[in-house]
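Written out below as structure tokens is the structure these notes cover.
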Amino acid sequence: MAHTKQALKRARQSTTRRTSHKSERAALKTAMKRLDDALKSGDEARIAVEVKSMQQKVDKAAQHNVMHKNAASRTKSRIAARAKKAVAAKPAS
């Protein structure tokens with residue numbers, strides 16, 4: 001248990017941040033699952049929508065310090081690469 005005023009305040013701040021970050025992390029995971037489903041389906045329109053949604057969520061997470069900005073950039077790059085690969089692998093009809 002914290003003893004000083006500063007430590008008590010930091011503990012309160014930590015609790016508040018942890019709860020808000022938890023919901024944002026959960027939203028990121030959900031968006032990633034939706035993106036995975038879209039990539040498996042091969043529907044280009046759906047992939048484009050989910051990629052845009054995921055990239056917005058990643059940017060917002062970095063902005064809110066849920067994840068580091070470099071980690072966000074790396075994640076967005078990997079998402080784009082996976083989407084490009086999925087669209088290219090789709091057989092031409």
(message) free of Cβ contacts under 8 Å to residues at least 40 places away in the same chain, touching an Asp or Glu at 6+ places or on another chain (Cβ under 9 Å) and not acidic (Asp, Glu): which single residue out of 22, 60 fits that description?
(response) 60
(request) Could you run through segment 1-52 and say how many residues are touching a Leu at 6+ places or on another chain (Cβ under 8 Å) and among the acidic types (Asp, Glu)? (result) 1
(request) From 83, 72, 61, grab the single residue that is surrounded by 15 or more Cβ atoms within 10 Å (Cβ to Cβ) and farther than 30 Å from residue 14 by Cα. (result) 83
(message) For the structure I just gave you, tell me whether residue 23 is among the hydroxyl-bearing types (Ser, Thr, Tyr), surrounded by 14 or more Cβ atoms within 10 Å (Cβ to Cβ) and in a helix (DSSP H, G or I).
(response) no
(request) Tell me which residues, restricted to segment 68-86, are of a type outside the set (A, V, I, L, M) and either part of a helix (DSSP H, G or I) or modelled with pLDDT under 95 (or both). (result) 69, 70, 73, 74, 75, 76, 77, 78, 82, 84, 85
(message) Suppose the filter is in a helix (DSSP H, G or I), surrounded by 13 or more Cβ atoms within 10 Å (Cβ to Cβ) and at pLDDT 95 or above; does residue 33 pass it?
(response) no
(request) List the number of the failed condition for residue 3; all other conditions in (1) part of a helix (DSSP H, G or I); (2) free of Cβ contacts under 8 Å to residues at least 40 places away in the same chain hold. (result) (1)
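The values are calculated or read from the model by the stated rules, or taken from the named source; none is laboratory data. Fair warning: this is a prediction, and the values are worked out from it, not measured in the lab. We place every Cβ from the backbone using ideal geometry, glycine too, and count neighbours over all the protein chains shown.
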